[in-house]
């Protein structure tokens, strides 16, 4: 199975924007840095891309292959997630009083199913999205089954679930996470974190992959045409991300759930288009993304995503010891340290542990493993 290295590289850039969101107000990053752009839309990109990649690697999945698939998915995401949790515990890097109940939910990647403040955003905050992603893995064998004939129905049902959650949030006028009391139901929990609400984006990625496989050999676009499309989608995504934050018409007055969904998931169709044209790998941008340094950063992007917040927490607690570093150099120093640390984790921990789990629990796959295209 051919690798799609350009998509692997794109994962790093999406993670890069998420890091900026969590670095605001620390590490020398201004509190209002890029607040005119909905950078959290990048999480939607991950969900769409995940659906695309899994559909590419596992176009069919039945019988014993399902068990093997789930073992590989757990081996892919859980060890680094658990390591980050241990890192937080070892250095006391958590803002809430540790709760065995919440810790257990975190450990087993179940916390995004509980849309209550202090549960989905507990311990390693970005891990809520890994919890949601894990739910998608559990859904995937059902979703991919006979997708050519049932895909439209499944996408419509997933869209209906998202709409239902938005309507519930609007009706209940749920508060934003920052305005809620502890353990209160919030619009962020119901719209942003809950797997059922985000399932449409994952299904959209699956559908995009099937379209891509059907048309990629029929498309005879020149490299310039594909490059123009790549640039056009990037510009459209940036324009949309800016529009939803600055237009003045997309806010709480649209409804507690509506505006959160638009600001967090509204760019999913544009992401699907970008993934489609980038996967063609015939434009100059996608060709550039196939360069080994970008591919390597994409390969360690999951580890970067998992550890970027714990390292920010570490700076907030122990950063006074770095008094000798000028403020303007704090973020570059942090980013270099993050990439270096995650490279070591990927090489010395993530890859060996993943292989060990698959060797001990898995069986030889009937189809190519996910690592053959992007380590997803």
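Every Cα-Cα pair in the chain was counted, and those over 28 Å apart are 45% of them. The calculated 222 nm mean residue ellipticity attributable to helices in the chain amounts to -21000 deg cm²/dmol, summing -39500 (n - 2.57) over DSSP H runs of n ≥ 4 and dividing by all residues. Neighbour counts of other Cβ atoms within 10 Å put 1, 316 in the fewest-to-most order 1, 316. The fewest-to-most ranking of 67, 11, 72, 321 by surrounding Cβ atoms within 10 Å reads 321, 67, 72, 11. Here the Gaussian network model covers the chain, with springs between Cα atoms less than 10 Å apart; of 348, 199, 167, 348 fluctuates the most.
Throughout, read-outs are computed from the coordinates displayed, never taken from laboratory work. Everything numeric here is computed off the predicted structure, so don't read it as measured data. Because the Cβ atoms are built from the backbone with ideal geometry, glycine has one as well, and the counts that use them run over all protein chains shown.
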